[in-house]
Amino acid sequence: MSKKIFVRQLEVGKLGVFCYIVGDRERMEGLIIDPGGSPMKILQAVNEENIRIRFVVNTHAHSDHICANKKVLRETGAKLVIHELEGRSLTRFHKKLFNLLLGGGSSPPPDVLVHDGDTVEIGDSSLMVIHTPGHSKGGICLYGDNNLFTGDTLFVGGIGRTDLPGGSMKILLNSIRKKLLVLPDETIIWPGHNYGASPSSTVMEERLYNPFLTI
């Protein structure tokens with residue numbers, strides 16, 4: 001990924017979700033990862049960065065990560081991206097109810113279904129899709145330019161819960177160890193929730209100190 005990108009981290013919604021604005025400074029294009037509430041806060045940040053949002057990417061379809069999809073998509077004209085195994089879940093009736101409880105609205109259906117190894121392009125830059133099931137069947141992380149956006153797969157000092165439908169501790173740990181911890185030590189981890197001692201970490205720090213990964 002080009003070194004022209006920037007990352008802006010926003011805590012949104014009612015459950016400490018981290019939403020990200022990732023942009024290519026030279027081309028003034030970007031994407032939003034996991035608009036999990038607080039749509040006006042997200043849109044204000046987009047305006048401050050003065051970039052055109054091409055995509056909204058959901059790392060998975062749980063309501064706390066998608067409940068501001070509708071508002072953000074409508075205001076930006078972006079396309080909605082999610083893994084193929086999560087696409088149908090976005091618009092199910094129970095999902096709409098949870099979205100409303102979290103202060104958002106029902107999500108539109110996805111425009112783009114991605115798979116492991118696909119890339120999402122912004123300007124002259126790109127993020128690679130890494131399929132990391134375990135928290136949900138179609139959970140993904142996004143990797144590029146020394147940045148790893150981990151959704152609910154990996155947190156600072158923690159991992160995603162596995163007691164919801166589609167969850168599996170064995171599969172989640174396998175995803176983390178075989179797909180994420182093999183990345184360069186200095187890779188910056190940008191988690192999906194503000195659950196840790198710091199808002200970001202590195203692959204090396206999680207490999208060495210994350211209690212779920214050192215046992």
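The values are calculated or read from the model by the stated rules, or taken from the named source; none is laboratory data. Worth saying up front: this structure is predicted, and the values here are computed from it rather than measured. Neighbour counts run over all protein chains shown; Cβ positions are idealised from the backbone, glycine included.
Some observations on this one:
- Filter pass, Pro110 being buried (at least 17 other Cβ atoms within 10 Å of the Cβ), more than 26 Å from Thr214 (Cα to Cα), modelled with pLDDT of 95 or more and of a type outside the set (D, E, K, R): yes
- Selected residue (only one of Ile130, Ile159 is touching a helix residue (DSSP H, G or I) at 6+ places or on another chain (Cβ under 8 Å) and surrounded by fewer than 22 Cβ atoms within 10 Å (Cβ to Cβ)): Ile130
- Subset tally (residues that are in contact with a His (Cβ under 9 Å, 6 or more places away or on another chain) and within 17 Å of Gly117 (Cα to Cα)) for segment 154-188: 2
- Residues of segment 170-188 satisfying the condition of being in contact with a helix residue (DSSP H, G or I) (Cβ under 8 Å, 6 or more places away or on another chain) and within 16 Å of Phe212 (Cα to Cα): Leu180, Leu181
Results for (1) out of contact with any Leu (no Cβ under 9 Å at 6 or more places or on another chain); (2) aliphatic (A, V, I, L, M), shown as yes or no for each residue.
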position: Ile130; (1), (2): no, yes
position: Asp145; (1), (2): no, no
position: Gly151; (1), (2): no, no
position: Arg177; (1), (2): no, no
position: Asp185; (1), (2): yes, no
position: Asn194; (1), (2): yes, no
position: Leu213; (1), (2): no, yes
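- Selection count, segment 110-133, where residues are more than 19 Å from Arg8 (Cα to Cα) and of a type in the set (Ser, Thr, Tyr): 2
- Between Leu173, Leu101, Leu154, the distinction of being of a type in the set (A, V, I, L, M, F, W, C) and crowded, with 17+ Cβ neighbours inside 10 Å belongs to Leu154 only.
- Criterion: within 14 Å of Asn58 (Cβ to Cβ), at pLDDT 95 or above and not in a strand (DSSP E or B) - qualifying residue of Leu80, Leu127, Leu85: Leu85
- Among (1) under 17 Å from Ile33 (Cβ atoms); (2) in a helix (DSSP H, G or I), the one test that Pro110 misses: (2)
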